[in-house]
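Peer 1: I'd like to ask you about the structure that follows.
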Amino acid sequence: MSPETYAEISNLVIPTATVIYAIAMMSHALEWAMGRAVVVTAEAKADVLVASSSGGDLAVPAAPATGTTAAAAARSGRVEAASRIGLLLTWLGFVLHLGGVVTRGLAAERVPWGNMYEFSITASLAVAIVYLLFVHRYKLQWLGLGVTLVVAAVLGLATLALYTPAGPLVPALHSYWLVIHVAAAAISGGAFTIGGLVSILYLVKARAERRVLAGGTMSASLKRLPSAEAMDGTAYKVLAFAFPLWTFGVLVAGPIWAEYAWGRYWGWDPKEVWSLVTWVVYAAYLHARATAGWRGRRAATIAIVGWFVFIFNFVGVNLLVSGLHSYAGV
Amino acid sequence: MSDVKERVEAPTPPPELPKLGLLGWLRWTWRQLTSMKTALVLLFLLALGAVPGSLIPQTGIDPVKVSDFFEAHPKLGPFYDKLGLFDVYKSPWFSAIYLLLFISLIGCVVPRLQVYLKALRARPPKPPRNLNRLPGYQSFEPAADGDVLDLAARELRRRRFRVELYDGAVAAERGYLREAGNLLFHFSLILALVGAAWGALFGYRGTVLVVVGNGFSNSVAQYDDFSPGRVFTPDDLPPFALTVKSFTVKFQTDGPQRGAAREFNAPITYQETPDSPEKSYDLRVNHPLKVDGTNVHLLGHGYAPRVTVRDGKGEVAFSGPVPFLPQDGNFSSFGVIKAPDARPEQLGFEGFFLPTAVIDERGPISVFPDAVNPVLAMTAYYGRPAVETGKPQSVYQLDKTKLTQFGDGKGDKLRFQLGPSQSYTLPDGRGSITFDSYDRWVKLQVSHTPGLNLALVGISLAILGLMGSLFIHPRRTWVRVRTQDGRTVVEVAGLDRGPERGLGDEIQAIADALKPAEQPEKPKQEQP
């Protein structure tokens, strides 16, 4: 097939994947909406108490589930179904998305991350990969809404606002460091996104758990989430994976390439500044987790700030500030 | 589990009472500076402090933008300047943040290194009294035959634990390299910073614009722009010389990316020393020349129209290529041509070189970066011959204070356009100018950054250490045999000393290996 054919396939498949991710997102939204209606009180409270006591000293015997009726069971069955359909559609969207990125690379005859459009479709693919890689292993279905929302939004924006036809690159990008530097940035960006989403849900769940301990109730949507402590651990694992990779991409591969292409390894270009800021924020996150009084809510907040900084680095710096990282077709 | 961690990490010494004295205050300040909370605050300050430099133009990156900012904001400009906001990364307050951060880092990791070296030699500690409070706790009756502790020691060694035998118990620990990784990460960061500082002190960087066909020899006087490090001496410049043989550039000619550069290549010849043989090299973007530890980069390119200026007496007053500086993506290039030796009056020209000129209602503009239809669009000045002052003058600016602009005879200023090999005769027999042809020029950067390899080694070791500190999982396991109500009971438990990773199935697996074969398996215990 000719590059033009590949380009046409890619241009067809990426919007289709966007739509399918959007439908998956709606399915997950339905899952949350239906879950909200099922209010679980005593049961949830008992679970929280058991989870937060240490070694079973304070173990409260699980209260018999109250008000479990056939209607509630049917409802929770529908919630499960919506979740499964959402995941299935995410897989379908991912396969198309992967096809779109690969054909884009074949169309341009190089790695598909040479401009902002391509970086968007590749980085959002990285988000989907990280999610789908861990969804079964760590039971991450509860992250479906956030992931499909982000991926559909990024793909939609890329298609509508950032689209650039496939073409060759400016000479500054003619280097195998493009493959290494940008791939490291895209993959760690995908992991930052997952870490940010988990941290947001962590804050929601932790608040709900505190409310339950104070005698309040928790909706079934939130009850279906893992315990706040488990989510904290998940966020840590994902970010602990991303941080060394980001360090490599931004503080090793980036400077080496900058030395080759621009004759200086570090020049405080806006993109370099914001990459360093991202790095420092995540370094603060890792330190916060090891500091008494900063674990938990504050650490999660830092992880979310880090994600926003990363997104600003990617979107804001390219569109608002001019620097050496601006290339043809943004 | 979280309770145990809290107790382990809770600050143990109670706050001291007021009477501190000078030494006490110093010690207090030091302790505050090296605390993790201060490190966190400094990290945030570093992140915040770096931001303005990306939003406000920086002298070190784009001095033209800085002066534009001063013009656009006459009040804000000087205020920003006082705060060092035009040179954030060299400002005292930014330096203060990172220096404090590094002092805090050193103050934190040096004592930790001592603690770690001690811990390396320490034996895994005795089991705590109440093993049943630890995660993964298991107890069972051992098989009648065989020494269960011996079996446990072997099993734990097989799992690469460091094992210590106590009376009636086995203690085991692994994951010592985690803290080693942590320390390696922090010390390597210091190493990387030392490398970067070394480069900044002993290195240099200079740029020079070379018209194709001309040469450059490495001495300070030849540079257009030269920024040496603090400890640099001109003797450090290696005595190489190079000649730019030609320069080819290709641009995209169709599609939406029309005009985007596709290829730059500057074949050069060079000599490492005046006596060494001549070598050839293709200087390209991403393909710098390395000579004697010095890098030569191709940074940019542009046009140098070749002109001949004749004065009022018909003599050649100037002849040769004049570099014009590109002003936009289509290489509309601005420049001046000076003929101070023209007689009876000196002549000066100012205007644009347009590689692909199109004339529209705004006047001539360039619509493509390659030289498809080159046009020189100029205006001209004349004046009394200047007195030689020896004062350096910019080659890109015409000093118009003592010059008069030609008029077009209709009350307007004189403007004229020239195609290649066309001439224009100035009014009143004051002379003429011929646009002979054009050359290209390349902008070269010569730089030497010692310590770069040290910085690279430092940051690579830092990543290695980082991975150790994030992925190695330190944990302890204890196996104890005791008598309870006249029966012998084996207890197994673990302690997770990592960042709440959990012990997983490990304790269960160890217990299973110690249980007598015929005993039915207990259901797996849930991890909290």
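The values are calculated or read from the model by the stated rules, or taken from the named source; none is laboratory data. If you're wondering where the values come from, they're calculated on a predicted model, not measured in any experiment. Here the Cβ positions follow ideal geometry from the backbone for every residue, glycine too, while neighbour counts run over all protein chains shown. Remember, those area values only see protein heavy atoms, side chains included, never the ligands or the DNA or RNA. Shrake-Rupley method; radii C 1.70, N 1.55, O 1.52, S 1.80 Å.
Peer 1: Can you find even one residue in the stretch B:191-198 that is touching a Ser or Thr at 6+ places or on another chain (Cβ under 8 Å) and open to solvent by less than 60 Å² (accessible area, probe 1.4 Å)? Steps first, please.
Peer 2: Here is the first cut: in the stretch B:191-198, the ones touching a Ser or Thr at 6+ places or on another chain (Cβ under 8 Å) are none.
Within the stretch B:191-198 (the criterion being touching a Ser or Thr at 6+ places or on another chain (Cβ under 8 Å) and open to solvent by less than 60 Å² (accessible area, probe 1.4 Å)), the answer is no, since none of the residues qualifies.
Peer 1: Looking at B:Thr34, B:Thr29, B:Thr38, B:Thr59, can you tell me which residue is out of contact with any helix residue (DSSP H, G or I) (no Cβ under 9 Å at 6 or more places or on another chain) and of a type in the set (S, T, N, Q)?
Peer 2: From the options B:Thr34, B:Thr29, B:Thr38, B:Thr59, the qualifying one is B:Thr29.
Peer 1: I'm told A:Thr148 meets every condition in (1) part of a helix (DSSP H, G or I); (2) more than 30 Å from A:Ala108 (Cβ to Cβ) except one. Can you identify the failing condition by its number?
Peer 2: With respect to (1) part of a helix (DSSP H, G or I); (2) more than 30 Å from A:Ala108 (Cβ to Cβ), A:Thr148 is out only on (2).
Peer 1: So which of A:Phe119, A:Phe192 ends up being open to solvent by 10 Å² or more (accessible area, probe 1.4 Å) and in contact (Cβ under 8 Å) with a residue 40 or more places away in the chain?
Peer 2: Only one candidate qualifies: A:Phe119.
Peer 1: On to the next question. When you go through B:Ile61, B:Ile97 one by one, which is the residue that is β-branched (Val, Ile, Thr), modelled with pLDDT of 90 or more and not assigned by TED's automatic domain parsing to the domain that holds B:Asn130? Let's see the steps before the verdict.
Peer 2: On the way: B:Ile61 fails: modelled with pLDDT of 90 or more.
Every option except B:Ile97 fails the conditions.
Peer 1: Right, here's the next one. What strands (runs of 3 or more DSSP E), lying completely within the stretch B:131-178, carry at least 1 residues that are within 20 Å of B:Ile472 (Cα to Cα), at pLDDT 85 or above and open to solvent by 20 Å² or more (accessible area, probe 1.4 Å)?
Peer 2: Because the criterion is at least 1 residues that are within 20 Å of B:Ile472 (Cα to Cα), at pLDDT 85 or above and open to solvent by 20 Å² or more (accessible area, probe 1.4 Å), the strands (runs of 3 or more DSSP E) in the stretch B:131-178 that meet it are B:162-166, B:169-174.
Peer 1: Which ones in the stretch A:265-297 are within 7 Å of chain B (Cβ to nearest Cβ) and within 25 Å of B:Gly229 (Cβ to Cβ)?
Peer 2: Within the stretch A:265-297, A:Tyr265, A:Gly267, A:Trp268, A:Pro270, A:Val273, A:Leu276 qualify.
Peer 1: Could you check how many residues of the stretch B:218-236 are surrounded by 15 or more Cβ atoms within 10 Å (Cβ to Cβ) and either in the same structural domain as B:Pro321 (by TED's automatic domain parsing) or small (Gly, Ala, Ser) (or both)?
Peer 2: Total meeting the criteria: 1.
Peer 1: Here's something else I'd like to know. Among the residues of the stretch B:492-513, is any open to solvent by 20 Å² or more (accessible area, probe 1.4 Å) and of a type in the set (Val, Ile, Thr)?
Peer 2: no
Peer 1: Look at the stretch B:434-448 and say how many of its residues are closer than 15 Å to B:Pro267 by Cα and within 14 Å of another protein chain (Cβ to nearest Cβ).
Peer 2: The total comes to 3.
Peer 1: Further, regarding this structure: Return the total of residues in the stretch B:36-51 being in contact (Cβ under 8 Å) with a residue 12 or more places away in the chain, open to solvent by 30 Å² or more (accessible area, probe 1.4 Å) and more than 7 Å from chain A (Cβ to nearest Cβ). Give the derivation first.
Peer 2: First, pick out the residues of the stretch B:36-51 that are in contact (Cβ under 8 Å) with a residue 12 or more places away in the chain: B:36, B:38-39, B:42-43, B:45-46, B:49-50.
If we keep only those that are open to solvent by 30 Å² or more (accessible area, probe 1.4 Å) as well, we get B:36, B:38, B:45.
Those still in the list that are more than 7 Å from chain A (Cβ to nearest Cβ) too: B:38, B:45.
Total meeting the criteria: 2.
Peer 1: Look through the stretch B:335-377, keep the residues that are touching a residue at least 12 places away in the same chain (Cβ under 8 Å), part of a strand (DSSP E or B) and charged (D, E, K, R), and return whichever of them is least open to solvent (accessible area, probe 1.4 Å).
Peer 2: Within the stretch B:335-377, the match that is least open to solvent (accessible area, probe 1.4 Å) is B:Glu350.
Peer 1: Now, a different point. Could you give every pair whose Cβ atoms fall below 6 Å, whose first residue belongs to the stretch B:234-256 and is within 13 Å of another protein chain (Cβ to nearest Cβ), and whose second residue is open to solvent by 20 Å² or more (accessible area, probe 1.4 Å) and of a type in the set (Val, Ile, Thr), counting only separations of at least 6 or pairs across chains?
Peer 2: B:Phe247/B:Val212
Peer 1: Here is a follow-up. Of all helices (runs of 4 or more DSSP H) completely enclosed by the stretch B:34-120, which ones contain at least 3 residues that are in contact with a Ser or Thr (Cβ under 8 Å, 6 or more places away or on another chain) and within 30 Å of B:Gly465 (Cα to Cα)?
Peer 2: Values: elements: B:36-50, B:52-55, B:63-72, B:76-82.
It comes to B:36-50.
Peer 1: Which one is nearest to the chain's Cα centre (by Cα) among residues in the stretch B:70-128 that are of a type in the set (Lys, Arg) and more than 30 Å from B:Val490 (Cβ to Cβ)?
Peer 2: Start the filter on the stretch B:70-128 by keeping residues that are of a type in the set (Lys, Arg), which leaves B:75, B:82, B:90, B:112, B:118, B:121, B:123, B:126.
From what is left, the residues that are more than 30 Å from B:Val490 (Cβ to Cβ) are B:75, B:82, B:90, B:112, B:118.
On the way: B:Lys75: 32, B:Lys82: 26, B:Lys90: 14, B:Arg112: 30, B:Lys118: 37 Å.
Residue satisfying both the conditions and the ranking: B:Lys90.
Peer 1: In addition: Among the listed residues B:Pro127, B:Pro78, which satisfies the condition of being touching a strand residue (DSSP E or B) at 6+ places or on another chain (Cβ under 8 Å) and either open to solvent by less than 70 Å² (accessible area, probe 1.4 Å) or within 14 Å of chain A (Cβ to nearest Cβ) (or both)?
Peer 2: B:Pro127
Peer 1: Follow-up question, since we're still on this one. Is there a residue being in contact (Cβ under 8 Å) with a residue 40 or more places away in the chain, charged (D, E, K, R) and touching a Gly at 6+ places or on another chain (Cβ under 7 Å) anywhere in the stretch B:178-187?
Peer 2: Yes, there is a match, as at least one residue in the stretch B:178-187 is in contact (Cβ under 8 Å) with a residue 40 or more places away in the chain, charged (D, E, K, R) and touching a Gly at 6+ places or on another chain (Cβ under 7 Å).
Peer 1: What's the number of the only condition in (1) within 14 Å of another protein chain (Cβ to nearest Cβ); (2) open to solvent by less than 30 Å² (accessible area, probe 1.4 Å) that B:Leu414 fails to meet?
Peer 2: Unmet for B:Leu414, out of (1) within 14 Å of another protein chain (Cβ to nearest Cβ); (2) open to solvent by less than 30 Å² (accessible area, probe 1.4 Å): (1).
Peer 1: Which of the residues spanning the stretch B:266-286 are within 9 Å of chain A (Cβ to nearest Cβ) and open to solvent by less than 60 Å² (accessible area, probe 1.4 Å)? Give the derivation first.
Peer 2: Taking the stretch B:266-286 first, the residues within 9 Å of chain A (Cβ to nearest Cβ) are B:284-286.
Correct list: B:Val285, B:Asn286.
Peer 1: For A:Leu225, are the conditions met, namely being more than 13 Å from chain B (Cβ to nearest Cβ) and farther than 30 Å from B:Pro450 by Cα?
Peer 2: yes
Peer 1: Now, a different point. Among the residues of the stretch A:207-221, write down those that are surrounded by fewer than 18 Cβ atoms within 10 Å (Cβ to Cβ) and either in a helix (DSSP H, G or I) or of a type in the set (A, V, I, L, M, F, W, C) (or both). Break it down stepwise before answering.
Peer 2: At the first step, the residues of the stretch A:207-221 found to be surrounded by fewer than 18 Cβ atoms within 10 Å (Cβ to Cβ) are A:207, A:210-211, A:213-217, A:219.
If the condition is that a residue be surrounded by fewer than 18 Cβ atoms within 10 Å (Cβ to Cβ) and either in a helix (DSSP H, G or I) or of a type in the set (A, V, I, L, M, F, W, C) (or both), then A:Arg207, A:Arg210, A:Arg211, A:Leu213, A:Ala214 are the ones that fit.
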